[in-house]
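Participant: Just dropping this structure here.
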């Protein structure tokens, strides 16, 4: 940890022990970002290999490239250094080729790359890019099904043309707000289609839904995939902030159900899978959903307090630690797909992004609705 950051930590007025721990974790994660940057050149870090614990890199960033860019905007918020802002801006330029890829995951790439620059620094390039991205993504809206299909890129193939996916809901509907009125209206239509086609009567999301001419085929129920449900919660909490009303009622109801089951533990990656394969990242995304809900009026629960408790559980767990010598953080709490048939638990760049975001929210350094 560099001396200037140590001084900031020592000079901070900690009101309690958890705040001190959170600040230490924040700066440790920024040190981790520094370490990763020394190895990636112009590539994008994706995840650490389960074989050797070394970071794997992608020249194009896959669907995760935006998190690398966004992490550096967040780091710049902490460090207040132009060099970090400039680095984030340089990463953004390398994401440009993904704009015209036929994939809904463009919304995740660009929202998480652009939102911190816009909301925290009023970055002109990010604002213009967001407007362009919203206009471009709008062209893929399927008016028959009132939704944005997954698309054919990033391995989805032809079936992606008729597949609805849960992962990018929150990112998509926020990015579309940078479009014109017609574009913005499709954000609500897409959300309604997600609720209609992917949320069963018991409150369980599906990861994907195939929209055929005569029937809808649901796959990967959230009962089976913990993070899929959390993506849905984040999307609904975002809808609640944008439009309130029934979206808020539904979001609160589903978050209450989540707390009833997981308030004091991490969910299993797969509901019926190995009981030792827990996925703290599912809890992390659920906490971000609750932070968003905390900014909505007429809440029935103190959602910020609940989210803070979840983040505290993560930081105090064996999945997160800080090296005593390097002062770098290690968050090994993300289940991710290595290939089409294999998953592993370890470090991911989106895990560090979301954890840093949550910690900054917990300390009121950024607002839950900044991203």
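Every number in this text was worked out from the coordinates using simple rules, so none of it is lab data. The shown structure was predicted, so the numbers you read here are calculated from the model rather than taken from an experiment. Note that we place each Cβ from the backbone using ideal geometry, even for glycine, and neighbour counts take in every protein chain shown.
Participant: With each label point set 7 Å from Cα along the Cα-Cβ vector, what nm distance links residue 101 and residue 135?
Facilitator: It is 2.2 nm.
Participant: Can I ask one more? Hey, can you rank 343-351, 79-87, 41-49 by average C-beta count inside 10 Å, highest first?
Facilitator: Ranking, from highest mean packing down: 343-351, 41-49, 79-87.
Participant: What 222 nm value per residue comes from the helices of the chain, counting each DSSP H run with n ≥ 4 as -39,500 (n - 2.57) and dividing by all residues, nearest 500 deg cm²/dmol?
Facilitator: Taken over the chain, the calculation gives -17000 deg cm²/dmol.
Participant: Alpha carbon centre of region 293-371 versus region 124-151: separation in Å?
Facilitator: Region 293-371 and region 124-151 have Cα centres spaced 28 Å from each other.
Participant: OK, next. At 0.36 nm per residue, minus the direct Cα-Cα distance, what do residue 338 and residue 121 gain on full extension? Give it in nm, one decimal, please.
Facilitator: My answer for the length gained is 74.6 nm.
Participant: Okay, next question. Along the Cα→Cβ direction, 7 angstrom out, place labels at residue 34 and residue 263. What is the inter-label distance in nm?
Facilitator: 4.0
Participant: What span do the alpha-carbon atoms of region 3-370 cover on each of the three principal axes, reported in whole Å from largest to smallest?
Facilitator: 63, 44, 43
Participant: Another question about this same structure. Work out, step by step, the length gained on full extension between residue 143 and residue 158: first 0.36 nm times the residue separation, then minus their alpha carbon distance; give nm to one decimal.
Facilitator: 3.6 nm
Participant: Taking the Cα atoms only, what angle lies between the long axis of helix 17-40 and the longest principal axis of the chain, rounded to 10 degrees?
Facilitator: Approximately 80 degrees, to the nearest ten.
Participant: OK, next. Using a/c under 1.5 as the rounded threshold, could you call region 16-95 rounded, prolate or oblate? The axes a ≥ b ≥ c are square roots of the C-alpha gyration tensor eigenvalues, and prolate needs a/b larger than b/c, oblate otherwise.
Facilitator: Working: a/c = 2.37, a/b = 1.31, b/c = 1.81.
Verdict is oblate for region 16-95.
Participant: Label residue 270 and residue 86 with points 7 Å out from Cα along Cα→Cβ: what is the distance between them in nm?
Facilitator: 4.8
Participant: Taking a ≥ b ≥ c as the square roots of the eigenvalues of the Cα gyration tensor of region 70-125, is the shape rounded (a/c under 1.5), prolate (a/b larger than b/c) or oblate? Can you show the working numbers first?
Facilitator: Working: a/c = 2.52, a/b = 2.03, b/c = 1.24.
Note, shape of region 70-125 comes out prolate.
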